[in-house]
Structures are given as structure tokens and as C-alpha cells.
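Peer 1: Take a look at the following structure, please.
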Amino acid sequence: MPDDSAAARAAAEEESAFSHPPVDPDTSAAYGDHPDQVIDFYTPKSDVSRAPLVVVLHGGAWRAPYDRRHITPFADFLARRGFAVANVEYRRGAMLPGQGDGASGGGAGTGAGSVAGPVAGRWPDTFDDVAAALDALPDLVREFLPQADPRRMVVTGHSAGGHLALWAAARHVLPADAPWRTDRPTPLRGVVALAPIADFTVAGKLDVCGGAALQLLGGEAHFGDRRPYADPALLLPTGIATTLVQGRTDVDVPEAVAESYADAAAKAGEVVGLTLLEDVGHFPLIDPAADACAVVVEEIAQLAW
């Protein structure tokens, strides 16, 4: 458990990140029939005729109350720096009986929910949606975001969304019987995963987000069988340029999780960049008011341009 000063600092960082009002997209498009199967598009605020496309996958421990709205200030921040942005929604875990709807994207979005909270994720729906969204993006971008250059596409995600970003880039190395497997790598310039839940074994030992990774896979009865289809630490090497950005004082998803993924990548013969930020916790990575967010944008730019 973090000490009182660390907990207070984390709470202040979280409050800052969630203090920004949601930013409405320029347009939206569905990639399926479910209300959560939607992508919001933000046009680049620059004179570039064809801007790199950044695909954003939000965090929230794959839990229902935390939707894409909490990351819209970050999506807008990217658009104002010349990127075309696709902010992807996906199905998340259902509320337990007797639970209310909660606050969309409110505080504790990635760190809470360990007691009597909503279940993390849906199997296989969460993965179905991310795969379907990435597959639909080229056509949707042509229609709804013509300013984007999908040949210069970077996927980024925060926390649980960081896991999904790494997973989306690894579909070509999924087990042969995986329904989401692709014959070739997704055409990406790279992945920038922000404090990702990138190694399910380490995340479980640290009880990250109240055992969210275990819940995502359906509990103990399914964890062993489903982990090879879902754990990024097992889906290596991808051959896709990957950078992890991690705050050293993160108490929600500690740096040990990212370090374990980077070590697994090295053992698999893949070089993964790991940018560790001193005196930075979990939420500054997506907080437009924080210096750490500017670092994130620079990491994306290095891959995209």
C-alpha cells in the first residue's frame, strides 16, 4: 500500500487529470451495432494536409463506469498538436447486481473498484470490439476523417487501454485458433503504451486495479487457458516499434509491470523502449496540464512522423 504522502500525491494527480471538461469530437462513427461500438474522430488542428493518425484506447480497468469521455481532453490535446485522432469505445465489464451506473470516467478510473465494484471487462466482447474497431478504421477514416494518413498510424492507450494497444499490435502472433488473429501485422508505425497493464502475472501479484486482469479473463477457472490469447507479455515478438511510458511513482499500475513486459520483449529478441518519468504517477500521462503529457506526445511524434 502507498504511504499517506504517496496516496495524497496520487489523488491530486487524479483530480487534475479529471478536472478538464470532456471535449466533444468533430464526428463519430459506429463500427458495430452495440452502443459502445463507436469511434470518435478529432480533426487535426494544423495546416498539414494529411496528418498522422493516433488511435486512442482509454483506460478504466476495463470496467463499465469508465468510458472514453474521460480521455477526450487528451484526444483534443493530440489534435491541437497536429494529429488526427480516433478515440475508440469498446464493451467493458458489467455492473454487479445492485450497483448504480457510477460516474463515467470519474476519479478511480484505473485504480479503484477492488471491492464490490463492477467486473473488469467482458470475455470475449472486449477483445472482439478492439479487433473490430481496428479492422474497420481504414474505411471509417476515409469517410469520416479524410485529413488522416492511415499509413502513419500509431496506437496509444492508457492503463487498461495500454494493454489493449499492445494486444492490438500483437494479433498476428496470437495462437492459431484465436478468432482475432491476423495473417500479417497490423500496418502501424508503432505503439505507445502508457502505464500499461502489460504483464498479467505481475499485475496479479501486485493486485493491480483490484485483480482486474483476472476478472477480464473470467476468473481463476479461465485464467490459465485464456492468458495466451490476452497477455501481451506472452505475445512477443511483434516486430512493431513499441514504447512504454511509465511514471516511477505510479501506485495504480506500478513500474514493475512495464519493466516485466520490457524484459519479456528483450528475451524474445525484441527491443522495446521504456521511458520512465521521475516523480510522475499514473494520471499525468493523459493530463494536458502535466509536463508528462507533453513527453507522451513527443514519443508518439517520434513514431508517427
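Peer 1: How much net charge surrounds Ala61 when only the other residues with a Cβ under 10 Å from the Cβ of Ala61 are counted, with Lys and Arg +1 and Asp and Glu -1?
Peer 2: Result for the local shell: +1.
Peer 1: So what is the relative contact order of the chain, in percent, for Cα pairs below 8 Å that sit 6 or more residues apart?
Peer 2: 19
Peer 1: Please sort by residue number the trypsin sites (Lys or Arg not before Pro) in the range 143-226 whose DSSP state is loop and whose Cβ has at most 16 other Cβ atoms within 10 Å.
Peer 2: Of the trypsin sites (Lys or Arg not before Pro), the ones in loops of the range 143-226 whose Cβ has at most 16 other Cβ atoms within 10 Å are Arg181.
Peer 1: Taking the Cα centroid of the range 225-243 and of the range 4-52, what is the distance between the two, rounded to the nearest whole Å?
Peer 2: 25
Peer 1: Once the principal axes of the Cα atoms of the chain are found, what is the range along each, listed largest first in whole angstroms?
Peer 2: 49, 44, 41
Peer 1: Right, another one. Rounded to whole Hz and in sequence order, give me ³J(HN,Hα) for the range 16-26 from the Karplus expression 6.51 cos²θ - 1.76 cosθ + 1.60, θ = phi - 60°, writing x for Gly and Pro.
Peer 2: For the range 16-26, the Karplus curve yields 5, 4, 9, 7, 7, x, x, 10, 5, x, 6 Hz.
Peer 1: For the range 217-305, state the average projected area of the convex hull of the C-alpha atoms over all orientations, rounded to one decimal in nm².
Peer 2: Averaged projected hull area, Cα only: 7.0 nm².
Rule-based calculations on the coordinates, nothing more; no lab input. All of these numbers come straight from a predicted model, not from anything done at the bench. Note that we place each Cβ from the backbone using ideal geometry, even for glycine, and neighbour counts take in every protein chain shown.
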